[in-house]
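Worksheet: the structure to be examined is printed underneath.
The values are calculated or read from the model by the stated rules, or taken from the named source; none is laboratory data. This is a predicted model, so every value here is computed, not measured. Here the Cβ positions follow ideal geometry from the backbone for every residue, glycine too, while neighbour counts run over all protein chains shown. Just so you know, the surface numbers come from the protein's heavy atoms only, side chains and all, with ligands and any DNA or RNA stripped out. Shrake-Rupley method; radii C 1.70, N 1.55, O 1.52, S 1.80 Å.
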Amino acid sequence: MARPRARAASREFTTEALLLRRVPTGDADDVVALFTERVGRVSAFTRGSRRSQKRFGGALEPLHTLRVHLEEHDGRELFTLKEATLARPRSVLLSQLDAMQAAGEALSWVRRATPARTPEPLLWQRLELFLDGLGQEGAATGRLLSAFGFGLLDAVGFGLLLGQCVVCGKPCPSGRRAQLDVARGGVVCQGCGGARIGVSAALRQRLVAAADGQLTVLLDEDTRLARELVELSLRLHAGVE
Ligand SMILES: [Zn+2]
């Protein structure tokens with residue numbers, strides 16, 4: 001026998017999460033955007049988070065992996081954050097401005113690139129590795145960030161096609177420069193008219209490896225173009241917000 005459906009039903013669950021954004025609302029509350037391991041990106045209301053540290057214990061900071069207890073309500077977009085604790089603190093990042101900026105940029109990319117309430121296990125894994133990598137001594141933050149960007153695009157299905165022409169499918173000849181058109185989704189061969197952004201064969205290989213999740217594969221000289229390609233791709237697929 002089917003159980004009668006309760007009105008305003010809700011479910012509670014616990015998951016790991018990263019804080020993407022915190023927006024004050026009312027006198028003492030916040031609405032937070034979280035990227036969670038179990039359900040992807042969600043928005044949640046945090047009652048009293050700015051009045052009392054008790055329930056959240058100062059855990060509502062970016063950079064650290066949190067363990068959050070969430071309540072989901074039928075028919076409502078907004079979850080309720082009941083509790084948050086630090087699961088894997090990354091306090092070492094707080095003393096490094098460039099690492100904090102890189103983490104902030106990566107988290108804003110995640111916020112823009114991910115659909116609401118869709119688990120993204122590969123992206124979750126890559127983001128955790130990236131944040132851990134930023135905390136390592138002597139980390140090359142710019143190189144890590146741009147490589148993470150390519151891994152992110154790949155994980156959410158916005159990856160550029162780098163091995164063959166997006167128009168005719170012809171494989172890129174090895175050892176030759178290729179031309180990229182982000183709006184068309186990747187390499188466009190000469191026969192199909194080419195494109196504005198030229199990349200060397202070696203860089204193309206490094207970008208393929210970065211898209212595959214390798215975080216330390218890009219060189220300093222790659223970072224500017226790689227970040228530009230990530231930004232262009234996100235603007236195209238995910239809007240500017
Ligand atoms: Zn072609």
* Structure fact -> Out of 182, 31, 167, a Gaussian network model of the chain with alpha-carbon springs under 10 Å gives the largest mean-square fluctuation to 167
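Which of the trypsin sites (Lys or Arg not before Pro) found in region 180-236 are in a DSSP loop and have at most 10 neighbouring Cβ atoms, other than their own, within 10 Å?
Details: sites: 184, 196, 204, 206, 224, 227, 235; in loops: 196.
Within region 180-236, the qualifying trypsin sites (Lys or Arg not before Pro) (loop, at most 10 other Cβ atoms within 10 Å) are 196.
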* May I ask for the net charge around residue 201, where only other residues with Cβ less than 11 Å from the Cβ of residue 201 are counted and Lys, Arg are +1 while Asp, Glu are -1? => +4
* To do: Starting from 0 in steps of 10 Å, tell me what percent of the Cα-Cα pairs of region 9-89 lands in each bin.
  => 20, 59, 20, 0
* **Summed side-chain charge close to residue 227 - residues other than residue 227 whose Cβ falls under 15 Å, Lys, Arg +1, Asp, Glu -1** => -2
* To do: Per residue of region 210-225, in order, report the coupling 6.51 cos²θ - 1.76 cosθ + 1.60 (Karplus, θ = phi - 60°) as ³J(HN,Hα) in whole Hz, putting x for Gly and Pro.
  => 5, 4, 7, x, 7, 8, 10, 8, 7, 9, 3, 6, 8, 5, 5, 5
* Once label points are set 7 Å from the Cα along Cα→Cβ at both residue 50 and residue 238, what is their separation, rounded to one decimal in nm? -> 2.6 nm
* Asked: From the square roots a ≥ b ≥ c of the eigenvalues of the alpha-carbon gyration tensor of region 132-225, which class results: rounded (a/c under 1.5), prolate (a/b over b/c), or oblate?
  -> prolate
* Return one whole number: the accessible area per residue of region 9-89 in Å², for a 1.4 Å probe. => 49 Å²
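Please sort by residue number the trypsin sites (Lys or Arg not before Pro) in region 108-147 whose DSSP state is loop and whose Cβ has at most 16 other Cβ atoms within 10 Å.
Working: sites: 111, 112, 117, 126, 143; in loops: 117.
Answer in residue order: 117.
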* Asked: Of the residues 207, 122, 131, which exhibits the maximal mean-square fluctuation in a Gaussian network model of the chain defined by a 10 Å Cα contact cut-off?
  -> 122
* Asked: Please report, for the Cα atoms of the chain, the Rg to one decimal and the Dmax as a whole number; what are they, in angstrom?
  -> 20.5, 67
* Gyration tensor (alpha-carbon) shape descriptor, region 16-139, a/c threshold 1.5 -> oblate
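Just the accessible area per residue of region 95-241, please: how many Å² with a 1.4 Å probe?
Values: 7010 Å² over 147 residues.
Dividing the accessible area of region 95-241 by its residue count gives 48 Å².
So what is the 222 nm mean residue ellipticity for the chain from helices alone, if each DSSP H run of at least 4 adds -39500 (n - 2.57) and you divide by all residues, rounding to the nearest 500 deg cm²/dmol? Spell out each step's value before the answer.
Details: 5 runs with 73 residues, N = 241.
Theoretical 222 nm ellipticity from helices: -10000 deg cm²/dmol.
Are there any GluC sites (Glu not before Pro) in region 29-104 that are in a DSSP loop and have at most 15 other Cβ atoms within 10 Å? List them by number. Let's see the in-between values first.
Details: sites: 37, 71, 72, 77, 83; in loops: 37, 77.
Those satisfying the criteria are 77.
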* Structure fact -> Rounded to a whole %, the carbon-and-sulfur portion of the accessible area of the chain at a 1.4 Å probe is 48 percent
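Expected output is a single nm value to one decimal: the length gained when fully extending between residue 88 and residue 167, i.e. 0.36 nm times separation in residues minus the C-alpha distance. What is it? If you can, show how the numbers build up before the last one.
Values: separation 79, 0.36 × 79 = 28.44 nm, distance 4.47 nm.
Fully extending the segment from residue 88 to residue 167 adds 24.0 nm.
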